[in-house]
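Have a look at the structure below before the remarks.
The values are calculated or read from the model by the stated rules, or taken from the named source; none is laboratory data. Just so it is clear, the model here is predicted, and its values are computed rather than measured. Because the Cβ atoms are built from the backbone with ideal geometry, glycine has one as well, and the counts that use them run over all protein chains shown. The accessibility values were calculated without ligands, DNA or RNA, using every heavy atom of the protein model including side chains. Shrake-Rupley method; radii C 1.70, N 1.55, O 1.52, S 1.80 Å.
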Amino acid sequence: MRLTDLIPALVGDYLTYLSFGVSGGATSAGTFALNKLLDARVTRARDILIEELKLGSKQSADIAPEDAAAVTMRYMRAAIEGTARLNLRLLAAVAAGQPASPSFYPDEFLAIADSLASLRREEVILLGVIQRQARKFDFKIPNDGNFWLACLAILHNEHGISRDDADGYAASCLRSGFVTNLGGLYGMGHAYMPSARMKSFDKIMDVEGVMQRHTRAEPSAGS
C-alpha cells in the first residue's frame, strides 16, 4: 500500500487509541478540550507528513505496515507533545527521504527523530548552513577552522546570528550527533564541523530545503 494512503489510516487509528486512553479519569469538559487539542495537533502533523511524503522517494514504496506504524507512532508522539512545526517537517522529510531498506526505515528514523525533535529553530538554521557548506567540499573538509569561519559569516550575514550565539547553538547541536568540535586551533581555540552522521544524513534530506518549504507553508510562523 502507498504510504500516502496508509498514513492517514494509521493516524486515525492512533487518535482513536489516544481518545480511548485519556477519557477514563477526565471530566466531560476536560475530555473534550484534550481531544480537541490532540485532534488539532495530529491533523496538522498528518498534513505535513503527507506533504513531505509526496515529495520524497517513499510515496509508492513497498513498506511493511508495521514499519509504517512504528514511524507514524513516533512522529505523532512528537506532534502530540507539542513539537514545533518546523521540527515536524524535518521528521516528515526524513520519513519521506530514507533509503528503502526494510530494516533501516523504522530503526534509523527512530534514532534520527530523537535528535531532530528537540532542536531549536536557530539550531536547525545552523545545521542547514553547515550542510550547505559541507556539500561544497563533498564533506572532505580541512581541519584548519576555515570551514567554521565561513559558516559564521553566513550565519551573521543571512540570519543575523552573532559569533557568540553561533558558538552556543553549535555546542548545543553536539548532542544531536550531527556536529563535531575541532579543538586546539591556533588563534581560534576551537571550531565546529559536520560529523560522519551529518554526512549520512545528507543523503536523506536537505535541511534548508525543508526550512524553505516550512516558510512557504507558514510564512508568519516563527517555528
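Within the range 109-139, if we keep just the residues that are β-branched (Val, Ile, Thr), within 13 Å of the chain's Cα centre (by Cα) and modelled with pLDDT of 90 or more, the residue that is surrounded by the most Cβ atoms within 10 Å (Cβ to Cβ) turns out to be VAL124. Apart from one condition, SER176 fits all of (1) more than 16 Å from the chain's Cα centre (by Cα); (2) modelled with pLDDT under 95; the exception is (1).
Return a yes/no flag: does the range 160-169 have any residue that is crowded, with 16+ Cβ neighbours inside 10 Å, in a strand (DSSP E or B) and on the phi < 0 side of the Ramachandran plot. So far as the range 160-169 goes, no, none of its residues is crowded, with 16+ Cβ neighbours inside 10 Å, in a strand (DSSP E or B) and on the phi < 0 side of the Ramachandran plot. Please go through the range 73-86 and give me each residue that is in a helix (DSSP H, G or I), touching a residue at least 60 places away in the same chain (Cβ under 8 Å) and under 14 Å from the mean Cα position of the chain (by Cα), ordered by number. Those that are in a helix (DSSP H, G or I), touching a residue at least 60 places away in the same chain (Cβ under 8 Å) and under 14 Å from the mean Cα position of the chain (by Cα): MET76, ARG85, LEU86.
Considering every residue within the range 9-32, establish whether at least one is within 25 Å of ARG197 (Cα to Cα), at pLDDT below 65 and touching a Leu at 6+ places or on another chain (Cβ under 6 Å). Quick ask: steps written out before the conclusion?
So the first thing to find is which residues in the range 9-32 are within 25 Å of ARG197 (Cα to Cα), and the list is none.
Checking the range 9-32: not a single residue is within 25 Å of ARG197 (Cα to Cα), at pLDDT below 65 and touching a Leu at 6+ places or on another chain (Cβ under 6 Å).
Surrounded by 13 or more Cβ atoms within 10 Å (Cβ to Cβ) and at pLDDT below 80: is that true of GLY56 in this structure? It is true that GLY56 is surrounded by 13 or more Cβ atoms within 10 Å (Cβ to Cβ) and at pLDDT below 80.
Filtering PRO142, PRO106 for residues that are open to solvent by 20 Å² or more (accessible area, probe 1.4 Å) and either in a loop (DSSP other than H, G, I, E, B) or under 29 Å from GLU52 (Cα atoms) (or both) leaves a single hit, PRO142.
Would you mind stating whether VAL207 is free of Cβ contacts under 8 Å to residues at least 60 places away in the same chain, of a type in the set (A, V, I, L, M, F, W, C) and under 27 Å from LEU49 (Cβ atoms)? In short, no. Regarding ASP206, is this residue at pLDDT 90 or above, open to solvent by 20 Å² or more (accessible area, probe 1.4 Å) and within 15 Å of the chain's Cα centre (by Cα)? When the stated conditions are applied, ASP206 passes them. Taking the conditions exactly as written (closer than 28 Å to ALA96 by Cα, among the aromatic types (Phe, Trp, Tyr), out of contact with any strand residue (DSSP E or B) (no Cβ under 6 Å at 6 or more places or on another chain) and modelled with pLDDT of 95 or more), does PHE201 satisfy them or not? Considered against the rule, which asks whether it is closer than 28 Å to ALA96 by Cα, among the aromatic types (Phe, Trp, Tyr), out of contact with any strand residue (DSSP E or B) (no Cβ under 6 Å at 6 or more places or on another chain) and modelled with pLDDT of 95 or more, PHE201 comes out as no.
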